[in-house]
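A quick write-up on the structure given underneath.
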Number of protein chains: 2
Amino acid sequence: MADEALSAGAVARRLGVAVTTLRTWHQRYGLGPSEHVPGHHRRYTPADLARLDIMRRLTAEGVAPAEAARWARQAPAVLPPGRLGLNRRATAVRDGGGTTIPVGRAGPVARGVARAAMRLDSVAIGAAVAHALGADGVVPTWDGLLRPVLAGIGERHAATGGLIEVEHLVSRCVSEAFATVARAHPVAGPARILLACADEEQHTLPLEALGAALAEAGVGYRMLGARVPVAALVEAINRTGPAAVVLWSHTRVTADPDQLTAVLAAPRRPLLVLAAGPGWRADTLPAGVVRPVNLAEAVSLAVAVRDSLDQSTAG
Amino acid sequence: MADEALSAGAVARRLGVAVTTLRTWHQRYGLGPSEHVPGHHRRYTPADLARLDIMRRLTAEGVAPAEAARWARQAPAVLPPGRLGLNRRATAVRDGGGTTIPVGRAGPVARGVARAAMRLDSVAIGAAVAHALGADGVVPTWDGLLRPVLAGIGERHAATGGLIEVEHLVSRCVSEAFATVARAHPVAGPARILLACADEEQHTLPLEALGAALAEAGVGYRMLGARVPVAALVEAINRTGPAAVVLWSHTRVTADPDQLTAVLAAPRRPLLVLAAGPGWRADTLPAGVVRPVNLAEAVSLAVAVRDSLDQSTAG
DNA sequence: GATTCGACGCAGCAATCGACGCAACTCGTA
DNA sequence: TACGAGTTGCGTCGATTGCTGCGTCGAATC
């Protein structure tokens, strides 16, 4: 029970900064004990300590102190990437065979989309996807409907070599649906999140899903699209100074960690760098890069960044 | 006191222009912070930001920067995002260069799109393109606006090697706009036209333009998308029995005439086979293949096929 | 008596300042 | 068709500004 309240000296020693700095942070950035009577000693609760720890970590990573403080002040400890378990088990429904796409137990809607895809019926695909997006939202639709269908097509394609036209057709329809969602949710503020594919990477759909989810959540973003060379990515970062950068890599060959290193070494280093997609290997990622396991996790991280204002130096 | 005043860098990042440009605008057009002591840092108030936003919006609409600045300077600081005057050039103002995309004499709207593209401002691009599509229709917009801009980007990309991210961004925006057009014109009848890229061909945009134009004309079509192998194309033809097939090839390497031969040899041979795109060479095309020189020609051919078909079945 | 408080000052460094120049685009003219 | 004039965005350079961490000092707190 000794963690009730820490004195300023104890906190300073624990964080590795001077006591005076702690006072400065309190005065300049409002980053102090939540309950403090002027003139009396500061007593830091564990929550205050967590805030200060975020501040310390961000400044250690090169984020400008004022910005780091803003981030730390309004962060309800979002940095630990918690597991958002959502393995929803569906009831085992048997469905007929024929020339279809394996969708596993993704439900009847997925099966319907798969059949429409085999018919090359883009109207039906678009209608079904749009309806699902409107009814369930982007993230559930992606996880529960689109990813299973696309995975099924991919599986089939890998096994038989055919079905390429089906894959393209579904991709286009899904892409259109995402674009419609994004257009239906215009975002007022400036775009603080940059979405880009890794170099040579041409799978844009997951990034578009993320974009649609962000638009749904009211977060502005900039989408660079497929095959972004490192130089172009760094230039875009310098030009627009995003708070977060999401780099998507679908396969291992496009997941060159040097791209992430280049992003981290940019003059205007983003607050948050996300390495998304199955291509990245966790053990080769440079320090300071977060690897979301989920669309949902990527969205929540990006939403958390939204509230951080820019103004790198002006206080 | 946090968001009262923005630094120059923060404003530049928010607008998507370089910091030096901001200073230039201040010096040349008097478009700077209302209270600024020479030698001291510039602090932009929300009102100043609103002025700059007017400047940004006007330039994105194609207004010459000097004129846009004049407009923004004497704006009552509170101009909601209403539609301002359209692309009418009042006085003969010379329009300069800078780091832009050459659009030739394609008009102020093209220049506005080019400027917005350089700023990676997808919202402005999408709005301008959507407005042009709605006002002028697909074919004129493609020939008069989109193709010049895209050609300018391509030229510049070929010359300098950069600008890839701009190219992707514009492509995506245009693609979304086409999709929106297609969705706004639902076609009742069956899809009799099949649109496909040649094998290994990945430029989809011209095909999407054709699709949007067909939708606008009330002609149903099926879009297969990029990189369609010959086998997949033939199978799709057999499965759906289209009256016309459009095969797009952008570069010469993807324009293998054997693909056209295979289409002509399909069990359900289409009434009309179009070899579209600059990749095809007229002297190597098999007999029975038509080569449209234009988007307009492709559209009119497709419309003709539809009409003749309707006559034969319904008459 | 040890520690912390608020206030103040100082040195290092990143961002910005003003000035200047360059390259590129458009347009009028020869 | 070629070329010069007018515009425009932005990179560069040396100087300046202002943010940042921390030390110091007299008074107050524990």
| remark: Inter-chain shielding metric for A:118-127, i.e. average beta-carbon neighbours from other chains within 10 angstrom, reads 3
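Solvent-accessible area per residue for the protein assembly as shown at a 1.4 Å probe radius, Å²? Present the calculation step by step, with values, prior to reporting the outcome.
Values: 28920 Å² over 630 residues.
Per-residue value: 46 Å².
Suppose R0 equals 45 Å. What FRET efficiency, 1/(1 + (r/R0)^6) with r the Cβ-Cβ distance, do A:His131 and B:Val293 give to the nearest 0.05? Intermediate values should be presented prior to the final figure.
Details: r = 41 Å, r/R0 = 0.91.
So the FRET efficiency works out to roughly 0.65.
Given contacts defined as C-alpha pairs under 8 Å and at least six residues apart, what's the relative contact order of region A:108-183, whole-number percent? Can you show the working numbers first?
Numbers: 49 pairs, mean separation 30.1, N = 76.
Once normalised by length, the contact order is 40 percent.
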| Could you give the angle, 0 to 90 degrees to the nearest 10, between helix A:164-184's Cα long axis and the longest principal axis of the Cα atoms of chain A? | 50 degrees
| note | For chain A, longest principal axis from Cα atoms; helix A:122-136 axis from its Cα atoms; angle between them, nearest 10 degrees, is 30 degrees
| query | Which three extents, in whole angstrom, do the alpha-carbon atoms of region A:108-183 cover along their principal axes, largest first? | reply | 35, 20, 20
| Which residues of region A:133-181 end up with at least 50 Å² less accessible area in the presence of all protein chains than when their chain stands alone, using a 1.4 Å probe? | A:Glu165, A:His168, A:Arg172, A:Glu176
| query | So what is log10(I(q)/I(0)) for region A:8-73 at q = 0.18 1/Å, when the Debye sum runs over its Cα atoms only? | reply | -0.58
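So what's the back-of-envelope 222 nm ellipticity for chain B, counting only DSSP H runs of four-plus at -39500 (n - 2.57) apiece and dividing by all residues, rounded to 500? Could the numbers behind the result be given before it?
Details: 13 runs with 159 residues, N = 315.
Helices in chain B give a 222 nm mean residue ellipticity of -15500 deg cm²/dmol.
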| query | Taking Cα atoms, how many degrees apart are the long axis of helix A:295-306 and the longest axis of chain A, rounded to 10 and kept between 0 and 90? | reply | 40 degrees
| Interchain or long-range residues, amide H under 5 Å from B:Gly225's placed H | B:Cys197
| From the square roots a ≥ b ≥ c of the eigenvalues of the alpha-carbon gyration tensor of the protein assembly as shown, which class results: rounded (a/c under 1.5), prolate (a/b over b/c), or oblate? | oblate
| request: If a/c stays under 1.5 just call it rounded; otherwise compare a/b with b/c (prolate if a/b is bigger, oblate if not). Do that for region B:139-251, with a ≥ b ≥ c from the square roots of the Cα gyration tensor eigenvalues. | output: oblate
| field | Computed E for B:Asp258/B:Ala188 - FRET, C-beta separation, R0 56 angstrom, nearest 0.05 | value | 0.95
| For region A:164-195 and region A:204-228, what is the separation of their C-alpha centers, rounded to whole Å? | 7 Å
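Please report the carbon-and-sulfur percent of the accessible area for region A:190-269; probe 1.4 Å, protein heavy atoms only, DNA, RNA and ligands left out. Could the numbers behind the result be given before it?
Working: 1300 of 2510 Å².
Ligands and nucleic acids excluded, carbon and sulfur give 52 percent.
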| request: May I ask you to derive the relative contact order of region A:163-242, considering only C-alpha pairs under 8 Å and at least 6 residues apart, and to give it as an integer percent? | output: 35 percent
| From the label point of B:Gly241, set 7 Å from Cα along Cα→Cβ, how far away are the matching label points in the other copies, in nm, ordered shortest to longest? | 6.3
| task | State, as an integer percentage, the relative contact order of chain A based on alpha-carbon contacts under 8 Å between residues 6 or more apart. | result | 15 percent
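Calculate the dipole size of chain A relative to its Cα centre from +1 charges on Lys and Arg beta carbons and -1 charges on Asp and Glu beta carbons; express the result in debye to the nearest 20.
Its charge dipole is roughly 620 debye.
Taking every DSSP beta bridge that has both residues in chain B, what percent is antiparallel when rounded to the nearest 5? The partial results should precede the final answer.
Details: 1 of 17 bridges.
Of the beta bridges lying entirely in chain B, close to 5 percent run antiparallel.
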| request: Would you mind listing the distances between the B:Tyr29 label point and the same position in each other copy? Use 7 Å along Cα-to-C-beta, nm, one decimal, shortest first. | output: 3.6
| Per 10 Å bin from zero, what fraction in whole % of the C-alpha pairs of chain B is there, up to the bin with the longest pair? | 6, 24, 27, 19, 13, 9, 4, 1, 0
| Local electrostatic count, A:Glu165, Cβ distance below 15 Å [Lys/Arg +1, Asp/Glu -1] | 0
| task | Find how much the distance from A:Val123 to A:Arg57 grows on full extension, using 0.36 nm per residue of separation minus their present alpha carbon separation; answer in nm with one decimal. | result | 18.7 nm
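For a Förster distance of 30 Å, can you work out the FRET efficiency between the beta-carbons of A:Arg23 and B:Val37, rounded to the nearest 0.05?
Computed FRET efficiency for A:Arg23 and B:Val37: 0.45.
Under 12 Å from the Cβ of B:Tyr29, count the other residues' Cβ atoms, weight Lys and Arg +1, Asp and Glu -1, and hand me the total.
Numbers: positive: B:Arg23, B:Arg28, B:Arg51, B:Arg70, B:Arg73; negative: B:Glu67.
Counting the neighbours of B:Tyr29, the net charge comes to +4.
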| Which distances, in nm and shortest first, link the A:Ala47 label point to the same label point in every other copy, taking 7 Å along Cα→Cβ? | 3.9
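Mind running the shape call on region A:189-306? Use the C-alpha gyration tensor, a ≥ b ≥ c as the square roots of the eigenvalues: rounded below 1.5 for a/c, prolate if a/b tops b/c, oblate otherwise.
Values: a/c = 1.39, a/b = 1.17, b/c = 1.19.
In terms of gyration-tensor shape, rounded.
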| Summed buried accessible surface, chains A and B, 1.4 Å probe, nearest 100 Å² | 3700 Å²
| query | What residues of region B:233-266 lie in the reach of a label at B:Ser308, counting those whose backbone N is under 13 Å from a point 7 Å from the Cα along Cα→Cβ? | reply | B:243-245
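The values are calculated or read from the model by the stated rules, or taken from the named source; none is laboratory data. In this text the structure is predicted, and so the values were computed from the model without any measurement. Positions of Cβ are backbone-derived with ideal geometry, glycine not excepted, and every protein chain shown enters the neighbour counts. Surface accessibility is based on the protein's heavy atoms, side chains included, excluding ligands, DNA and RNA. Shrake-Rupley method; radii C 1.70, N 1.55, O 1.52, S 1.80 Å.
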